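Have a look at the structure below, then the notes.
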Amino acid sequence: MAQVIQESLVQVGQMARELVTGLQKTLSRVLEALEKAAPLAKADTAAIRNAPLSGLPIIDLSPLSAKCNVSIPWWARPVPGVAHWAARRTVDAHLADQLRQSVRLYNAQLRAWLKESILSVVEPYRSQAEVFREQLRRMTAPSAESEATTDADDLLRDLQELERAGIAEVNTVADSEKGPAYASGLAS
């Protein structure tokens, strides 16, 4: 019985490892695709692909194995239909609590391993993806050079308007200082 439980827990552990390795492969492919789309930024996919994954938690069923030597009542053997019921009842009576405790302990260890492993893959991805985010931000933001050119053009136009206004004002003042006879002479 302990062997069946151990095989089940090993399968769960293998599925967790496959989840993390699948995540590694997917994130590596995403970075490779981003590198093709934005060739100026270089991605280090090895940081993700070679992220250290520690070994899976050890399955410890020794407390359960010590209690696995339960016997089925003598009367269950002659009646096969009752044997299943008797075996289940005996297991429930002697092993259920220890079985639940062993499985819960392994699940808690496996969750902690999974969380640590996912972080060891996601953190390098985040730092690599930041390079591409920054490049994209720079590509989509208006460039500082074009803004400076636009600002310089606006300033130049303002200066020209001020210059024209200043020249017109100087001419008006000069005409008024020459007097009305000069102004009427221009009119004639």
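The values are calculated or read from the model by the stated rules, or taken from the named source; none is laboratory data. These numbers come from a predicted model, not from an experiment. Please note: Cβ atoms are built from the backbone with ideal geometry, for glycine as well, and neighbour counts cover all protein chains shown.
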Step by step: first the residues of the stretch 111-146, then only those that are surrounded by fewer than 17 Cβ atoms within 10 Å (Cβ to Cβ) and among the hydroxyl-bearing types (Ser, Thr, Tyr), then the one that is modelled with the lowest pLDDT. Which residue is that?
SER146
From the list ARG137, ARG126, which residue is assigned to a helix (DSSP H, G or I), among the basic types (Lys, Arg), under 14 Å from the mean Cα position of the chain (by Cα) and farther than 20 Å from ILE5 by Cα?
ARG126
Run down ALA108, ALA183 and say which single residue is small (Gly, Ala, Ser), at pLDDT 80 or above and surrounded by 11 or more Cβ atoms within 10 Å (Cβ to Cβ).
ALA108
Just need a number here: residues in the stretch 13-51 that are of a type in the set (Val, Ile, Thr), buried (at least 17 other Cβ atoms within 10 Å of the Cβ) and in a helix (DSSP H, G or I).
3
Search the stretch 18-41 for residues that are outside the structural domain of VAL131 (by TED's automatic domain parsing) and charged (D, E, K, R) and pair each with any residue that is loosely packed, with under 13 Cβ neighbours inside 10 Å and assigned to a helix (DSSP H, G or I) when their beta-carbon atoms are under 7 Å apart and the residues are at least 6 apart or on different chains.
none
